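Here's the structure we're looking at; comments come further down.
Every number here is computed from the coordinates shown, using simple stated rules; none is lab data. This is a predicted model, so every value here is computed, not measured. So basically every Cβ, Gly included, is an ideal-geometry build from the backbone, and we count neighbours across all protein chains shown.
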Amino acid sequence: MTTTYFKKTIKTIAVSVLLLCINSFFCIQAYSQIDYSYGRNTSGIRVAGGIGLATLATHFHSNPPKPVYLGSVSYDFNPYLSIGVEAQKGTLQGIDDVNHLYYGSSTNQYFTGTLNIRVALGQLNDFTSTNTLQDALKRIYVGLGAGFIKNAIKLTQGANQYAQPDGNPVLSGSYLVIPINLGTNIDLPGIFGIDKLSINPNYQFNYVKSRYADGFISSIYSKTNAGYYNLFSIQLKYKF
């Protein structure tokens with residue numbers, strides 16, 4: 001039931017974002033002139049790097065936040081529409097602190113590479129912003145992407161040896177990952193130039209097309225056919 005709900009939700013969000021992105025491409029020319037009178041760096045290549053905290057969402061009762069390092073290169077068509085690639089290197093961990101599973105913990109030293117498109121509110125509603133807060137609100141975006149996740153998992157033995165898993169563990173492999181993003185960009189004017197730096201806080205929900213996101217299937221009765229993880233991050237972005 002939960003898996004079916006997640007799949008329907010992901011499909012609904014993905015279709016909505018895709019339609020929004022298609023509409024946005026037809027509006028590029030009209031919105032590409034926004035804020036030029038203020039000397040803003042409104043389009044071009046952006047390079048960013050930062051850190052985040054990721055939590056796994058699979059079989060385990062406890063999913064402690066673990067560090068993730070991120071890097072991205074993107075192109076802004078205007079302040080509200082961009083496309084780019086992102087890489088992540090970090091850790092996903094689950095812990096069975098209630099002794100329900102055969103394995104006591106799973107630690108995944110993962111790597112991802114994805115292609116993403118992001119569309120902000122200002123692409124659809126160009127209201128006049130008079131301060132940093134209003135500008136950050138206008139730059140709130142949703143995004144959709146696709147790519148791969150490469151797993152490198154270690155499992156530890158648990159206390160419940162009666163909870164036999166279904167089949168053998170799969171500790172490595174590459175699988176489809178679909179990230180859904182929500183965030184904004186906050187300019188840092190006057191640092192390294194008039195408009196060269198910005199901060200990018202972001203929440204990312206990641207759908208992993210694999211039953212082995214934590215390395216194993218908990219039991220023969222498990223209906224899970226995918227894994228998920230959440231990522232809260234912040235990146236410092238340089239505008240060329």
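Ordering Asn185, Phe148, Ser210 by the projection of their Cα atoms onto the charge dipole of the stretch 143-211, which places +1 on the Cβ of Lys and Arg and -1 on the Cβ of Asp and Glu, puts Ser210 at the extreme positive end. Each of Phe77, Phe127, Phe148 has some number of other Cβ atoms within 10 Å of its Cβ, and from fewest to most they run Phe127, Phe148, Phe77.
Ranking Val85, Pro169, Leu121 by how far each Cα lies toward the positive end of the dipole of the stretch 45-185 (charges on Cβ) leaves Val85 at the top. Sorting Lys154, Lys66 from the fewest to the most surrounding beta carbons within 10 angstrom yields Lys154, Lys66. Within the straight-line cut-off of under 15 Å between alpha carbons, the aspartates and glutamates reachable from Lys239 are Asp76, Asp187, Asp195, sequence neighbours fewer than 8 places apart in one chain being disregarded.
What you get for the stretch 121-229, charging only the Cβ of Lys and Arg (+1) and of Asp and Glu (-1), is a dipole of about 340 debye around the Cα centre.
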